[in-house]
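The values are calculated or read from the model by the stated rules, or taken from the named source; none is laboratory data. This structure is a prediction, so every number in the text was calculated from the model and none was measured. No Cβ is skipped: glycine too gets one built from the backbone with ideal geometry, and neighbour counts run over all protein chains shown.
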Amino acid sequence: MGRYLLRRLLQLVPVFIGSTFLIYWLVWSVPGDPFAGKCGERRCPDQYVAYMTEKYHLDQNVFVQYGNYMKNLLQGDFGQTFSQRDIGDIIATAYPNTLKLALVALAIEAVIGLGAGILTGLRRNGFLDNLVLVSTLFLLALPVFVVGFVLQWLLGVQWGIVKPTVSSEMRFSELIVPGFVLGSASVAYIARVARTSIAENRRADYVRTAIAKGLPMRRVVGVHLLRNSLIPVVTLLGTDLGALMGGAIVTEGIFGINGIGREVYRAIVTKESATVVGIVVVLVVVYLLMNLLVDLLYAALDPRIRYE
Amino acid sequence: MRVSKRATSAIALSAAAALVASGCSSGDGDGDAAASKDGAIVIHGVQPENPLVPSNTTETGGGKVIDWLFTGLVEYPNDGGAPRNALAESIDTKDSKVFTIKIKKGTKFHDGTEVKAKNFVDAWNWAAYSPNGAQNGSFFADIAGFDKTYTEDPDGADGPQKAPMPTAKELSGLKVIDEQTFEVTLAAPTAVFPTKLGYSAFMPLPDAFFTMKPEEFGKKPIGNGPVKFVSWQDNVLIKLTRFDDYSLRDKMKIKDVDVKLYQDETAAYADLLANNLDFMEVVPTSALAGDKWKTDLGDRGLNTVTPSTALIAFPIYDKRFQNPKLRRAVSLSINRQEISDKIFFGTRKPADSWANPLTPGAKPGNCTACKFDPTTAKQLLTEAGGFTGEMVFYYNSDSSHKDWMDAVAQQVKTNLGIEARAEGIPTFAVFRQNINAHKMTGPYRAAWQQDYPDVENWVNPLYVKGGSSNDGLYSNPEVDTLAKQASSAPSLEASHEAFAKAIEKVDQDVPSIPIYFYGQQSGHSEKIKKLELNNVGELDITSVEL
Amino acid sequence: MSDPSTASIVSTPAAQPTDTPATPGPQGNEKPRGLLGDAWRDLRRKPLFWISATIIVIFLLMAAFPSLFAPGDPVNGALSRSLNKASGDAWFGYDLQGRDVYARVIYGARASIVVAVLSVVGTLLVGGFMGIISGYLGGWVDTILSRVADVFFGVPFVLGAIVILTTFNGSGSSNSKAEIMGLVIISLIVLSWPVVMRLMRSSVLSTKEADYIVAARALGAGSGRIILKHLLPNCLAPLLVYGTIMVGSFIGAEATLSFLGVGLKSPVVSWGIMISEGKDFIRVAPGLVFFPAAFLVAAVLSFVMLGEAVREALDPKLR
């Protein structure tokens, strides 16, 4: 186990380099001159373009650029955006906000998804089962911008129940609606997986034994069934965190949250490789560690899986 | 020219507006002076793209803040009238070539230092010195000696060669006479020069600017305007407060102004309706649809027109678009009224002139190609020999142009009976790059907002050979000659007359087709009792009363 | 990374797989039958299967012959009837450009269904194949494949799609409709396969130590046989669950790409394009979003139901 862990940690290095380079190269190859659109309907002065190109070493080939970037990154310098803001600062202020939003979304997703999954898993093919299926799929199929807009409009403006946007303090109560919007698409997945898992374990011998022993149904479900069915749901939720953080672009925009989403999108469009990589690097690290954790969890939770 | 690239924005330009007198202010009577005195408002803003240096700001997010932080030599009255002196005591000239500019004594920068003639000369020299890479550097091209301080890259920015170092560090046409006076010599007589002086590129910079890096200055700008800078939290908030030592006309009536930086207009609009936001310059498309904004806001809504025009430009370098008859046919087949009514719900006016009619010197209704006349259009198309292939209308899809471009393409298709459709190009950067490189293969959207209020700004950059935004490479020697005469005319009246003649020639050639004039729908909270919009459609924060 | 991805949906199998599949099972008196035969017999009896299959057939017909369902013109509009209410001519009314919404919804089925279904099939094939290989073989093959998947997973969806599509489908490129659809499908596959691979791999990992696999190996079954006959049927369940739901999110992803200007282009109609076009008018004409969304949900629902029915039929543990 210890050796396996060490090996996996060592493997993170090439993956880290591979993904950062791939991203750097992808942003670099986004077509368009980053400064062509800077001056409105008028061509930017050549001098301005030349000045910026030199300042950001954009005239060098992508390998040299990437090398320089990594060198600085290892010294803790994330570089600057084309508007001369420190990317390190952006990451430091934006990440906590996105993380908070993603955690709230995850919690909401878990509560709704699990609840729906348990209900439908126990009573499959009933009216409730179909209702849950249709409504979760409806949320999945509707693009986030529609769900977000409608909820913001109804709850925030029309009925005045919540503030339509999130203040910079990011209070928990303000994040419930955005969290629901962000998590809404994943609810369908969680509910389905929980349902499948519960339905399968429902027939397992230990459940039959528990019922046969005369245990009350609540205890059977709460202790025996749920604990055994939670594993896939929890691993799904764990790896969903990274996806939620990366996928918050639209939600952050709708609710005016100062997160990483708007910076990533802006940077992709303006070809700021350093910004995109800087932000995504943190995401990649989160994702890689989560992945490792999940792999280790398999072995810990299920003795049939072994890592030599 | 400033451009807004907000992805969800209804219009690509922040509207710059001379206001119709009746539409420019809101609320009746005066506000409560006591409430105003220490009052604070929160207004909508967009994260500036660059540090806030006047000569390096070309987009609306930062431009708006720059306009509040700085006061220039002249100001453009809110009612769209002729420019008048602000910081300038007098601007004198005999021949429109040599200008003697005297500034008011005793005005201060926010750091307490006095605004002197030197601050203007140094600021202009800095922007005009090409290695500094200022985006607005070319605004100083009128001044003598510009060719020495500002060198062009011989093969363009992408080419391997680099621009030679300029031979001079300072414009020879600028001379400090004494603490309050400086003299500007132009390369050629230009009657419109004083009008330009209100544009943000011409703002003075404090001595402190020259002792630090521009980007450091731009993060904590020191201006000379009615409000001073307090703090800037990226993507969240820019805080401004009244500058108590301000001595010019437009003093602040309230104290604090918080510019809340939004990414999405819909979010800001929701805040406005929930009274969390006090002013929003442009309400989003989703509120314009079906005139919902009128019912949402009631008398808190403002409807104004702005001197910006949306155009469709032809790539005249493409052989298929070189026949003026074809271009006129396309123009005549577009029903602008219907687009205005159906797509914009009447919030944009159909274009009927080449220069926006709100611009001083512009003649209304002088675009004969702007009528809707499908019969003549078809006939002209036949005379032009038809059109082979598909006519693709291009737009940048990171801003909301799809709806009206789709409508234009459909009308051309229906009325001319040719294959036509509209296609989005993902980003404004790629879109502009293709335009700059003269690689467009079909008509494309463009928009023009005046930099300064004069008809000159609607002709020279757009329709004269080598003009800074003549991207379609239109060239008509007659237009060039007339425009040149007009530019160097001794008086503004003579200049306007000559430009009108040049426009008549342009009208024959239809190098681009005006589609609609921009309008602007703004809204404010119940808290604000009185406000005015300035000539560029921005909130005049000095007019706000609570 | 806009798709709600999962790295693993391990449905830990019931501890004792009492009845083994494929190998002549409890129904000893019947003629031994293949897995598929069993499944088919099971399926035939399920109303769920018949209902969903019928709906899917209707959608497929709609995609193949839209003009049978809608006489109207989905592409050309006239501003004079912009946002007109529903009428006998246009059952769902007209959109902003004065186009028949009913006709557009019907014609939109083709692009939406083709793109989503083919992308899902491709993703399942690529990801599933990689997952089985890496889960079953383990060792350095697993290491390399998993790490490659990690690299791809780190790429944000929007970024990857913009690059792939603008490179091959930039403006001015005169790709035919089929080519554009192909490119959209390929970029969706390239950016989504790692999820399915992780899913499959974890499934295989938890199954390959099961007694019946060990038994099969002890009996001398080759790797190919073990994978096809034993592993695949037992690991298919989570994949099918995921895949059918993925149809829904891919229709949405296609909309996002079109919205960004790199996906399908007019005059191609898709539900995703319709929804993103209609969103600004949701307060005035909610039908512009509602109708394509309703069709989208109906299509996704029928795929999910079909997937569910097939899964139950295939999954030996649920017999």
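Residues that are out of contact with any helix residue (DSSP H, G or I) (no Cβ under 6 Å at 6 or more places or on another chain) and within 20 Å of B:V53 (Cα to Cα) within region B:133-147 comprise B:S138, B:A141, listed in sequence order.
Screening A:R192, A:R218, A:R227 for residues that are at the interface with chain C (Cβ under 9 Å from one of its Cβ atoms) and of a type outside the set (A, V, I, L, M, F, W, C) leaves exactly one candidate, A:R192. B:P364 meets the stated requirement of being modelled with pLDDT under 95, assigned to a loop (DSSP other than H, G, I, E, B) and surrounded by fewer than 17 Cβ atoms within 10 Å (Cβ to Cβ). Which of the residues that make up region B:287-302 are within 12 Å of chain A (Cβ to nearest Cβ) and crowded, with 23+ Cβ neighbours inside 10 Å? The one that is within 12 Å of chain A (Cβ to nearest Cβ) and crowded, with 23+ Cβ neighbours inside 10 Å: B:A287.
With respect to A:V134, determine if the residue is in the same structural domain as A:L237 (by TED's automatic domain parsing), among the aliphatic types (A, V, I, L, M) and surrounded by fewer than 22 Cβ atoms within 10 Å (Cβ to Cβ).
Numbers: in the same structural domain as A:L237 (by TED's automatic domain parsing): yes; among the aliphatic types (A, V, I, L, M): yes; surrounded by fewer than 22 Cβ atoms within 10 Å (Cβ to Cβ): yes.
Considered against the rule, which asks whether it is in the same structural domain as A:L237 (by TED's automatic domain parsing), among the aliphatic types (A, V, I, L, M) and surrounded by fewer than 22 Cβ atoms within 10 Å (Cβ to Cβ), A:V134 comes out as yes.
Scanning region A:192-215 for residues that are more than 15 Å from A:R123 (Cβ to Cβ) and outside any helix (DSSP H, G or I) yields A:A204, A:K213, A:G214, A:L215. The set of residues in region A:83-123 being closer than 16 Å to C:L301 by Cβ and within 13 Å of another protein chain (Cβ to nearest Cβ) consists of A:T120 alone. Of all the residues in region A:195-215, those that are at the interface with chain C (Cβ under 9 Å from one of its Cβ atoms) and of a type in the set (G, A, S) number 3.
Considering region B:459-501, the residues that are assigned to a helix (DSSP H, G or I) and among the charged types (D, E, K, R) include one that is nearest to B:N436 (Cα to Cα), namely B:D480.
Take C:V105 and tell me if it is modelled with pLDDT of 90 or more and not in a loop (DSSP other than H, G, I, E, B). It is true that C:V105 is modelled with pLDDT of 90 or more and not in a loop (DSSP other than H, G, I, E, B).
Contact map, region B:297-309: residues that are in a helix (DSSP H, G or I) paired with residues that are buried (at least 23 other Cβ atoms within 10 Å of the Cβ), Cβ distance under 7 Å, separation 6+ or inter-chain. Pairs shown: B:L297/B:G523; B:R300/B:G523; B:R300/B:H524. Somewhere in region B:48-55, is a residue buried (at least 22 other Cβ atoms within 10 Å of the Cβ), assigned to a helix (DSSP H, G or I) and on the phi < 0 side of the Ramachandran plot? Yes, that holds for at least one residue. Tell me, please, whether a residue that is at pLDDT 90 or above, crowded, with 20+ Cβ neighbours inside 10 Å, under 22 Å from the mean Cα position of the chain (by Cα) and not assigned by the TED database to the domain that holds B:K104 can be found in region B:272-280. Yes. Among the residues of region B:134-154, is there at least one that is small (G, A, S) and away from every other protein chain (no Cβ under 14 Å)? Scanning region B:134-154, I find at least one residue that is small (G, A, S) and away from every other protein chain (no Cβ under 14 Å), so the answer is yes. The residues of region B:395-412 that are more than 9 Å from chain C (Cβ to nearest Cβ) and part of a loop (DSSP other than H, G, I, E, B), listed by number, are B:S399, B:H401. Determine which single condition A:T165 fails, assuming it passes every other condition in (1) away from chain B (no Cβ under 14 Å); (2) assigned to a loop (DSSP other than H, G, I, E, B); (3) touching a Phe, Trp or Tyr at 6+ places or on another chain (Cβ under 6 Å); (4) not charged (D, E, K, R). So A:T165 meets the others, but not (1). Taking the conditions exactly as written (assigned to a helix (DSSP H, G or I), within 11 Å of chain B (Cβ to nearest Cβ), without any contact (Cβ under 8 Å) to a residue 24 or more places away in the chain and within 29 Å of the chain's Cα centre (by Cα)), does A:G148 satisfy them or not? In short, no.
Given the residues A:G126, A:G183, which is the only one that is of a type in the set (G, A, S) and free of Cβ contacts under 8 Å to residues at least 40 places away in the same chain? Of the residues listed, the single one that is of a type in the set (G, A, S) and free of Cβ contacts under 8 Å to residues at least 40 places away in the same chain is A:G126. Checking region A:62-80 against the condition returns no match, with no residue being surrounded by fewer than 16 Cβ atoms within 10 Å (Cβ to Cβ) and facing chain B (nearest Cβ under 8 Å). One residue stands out in region B:304-328 among those that are among the β-branched types (V, I, T) and surrounded by fewer than 23 Cβ atoms within 10 Å (Cβ to Cβ): the one that is farthest from B:G386 (Cα to Cα), namely B:T304.
For first residues located in region C:208-226 and farther than 18 Å from C:F129 by Cβ and within 14 Å of another protein chain (Cβ to nearest Cβ), partners that are of a type in the set (S, T, N, Q) and not in a helix (DSSP H, G or I) and lie 6+ apart or on another chain with Cβ distances below 6 Å form the pairs C:Y212/C:T20. For region C:277-318, the set of residues classified as within 14 Å of chain B (Cβ to nearest Cβ) and under 24 Å from the mean Cα position of the chain (by Cα) consists of C:E277, C:V289, listed by residue number. With respect to B:Q450, is the statement that it is under 27 Å from B:L358 (Cβ atoms) and either surrounded by 22 or more Cβ atoms within 10 Å (Cβ to Cβ) or without any contact (Cβ under 8 Å) to a residue 24 or more places away in the chain (or both) true? So B:Q450 passes the test. Of the set (1) surrounded by fewer than 21 Cβ atoms within 10 Å (Cβ to Cβ); (2) out of contact with any helix residue (DSSP H, G or I) (no Cβ under 7 Å at 6 or more places or on another chain), all apply to B:F217 but (2). The set of residues from region C:227-260 being within 14 Å of chain B (Cβ to nearest Cβ) and surrounded by fewer than 24 Cβ atoms within 10 Å (Cβ to Cβ) comprises C:T256, C:F259, C:L260.
Table: residues versus (1) small (G, A, S); (2) over 30 Å from A:I87 (Cβ atoms); (3) assigned to a loop (DSSP other than H, G, I, E, B).
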| site | (1), (2), (3) |
| --- | --- |
| B:P164 | no, yes, yes |
| B:A168 | yes, yes, yes |
| B:K175 | no, yes, no |
| B:F182 | no, yes, no |
| B:F209 | no, no, no |
| B:I238 | no, no, no |
| B:Y246 | no, yes, yes |
| B:D250 | no, yes, yes |
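Residues checked against (1) part of a helix (DSSP H, G or I); (2) more than 18 Å from A:K271 (Cβ to Cβ):
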| residue | (1), (2) |
| --- | --- |
| A:M52 | yes, no |
| A:H57 | no, no |
| A:Q60 | no, no |
| A:F82 | no, no |
| A:I90 | yes, no |
| A:P96 | yes, yes |
| A:L106 | yes, yes |
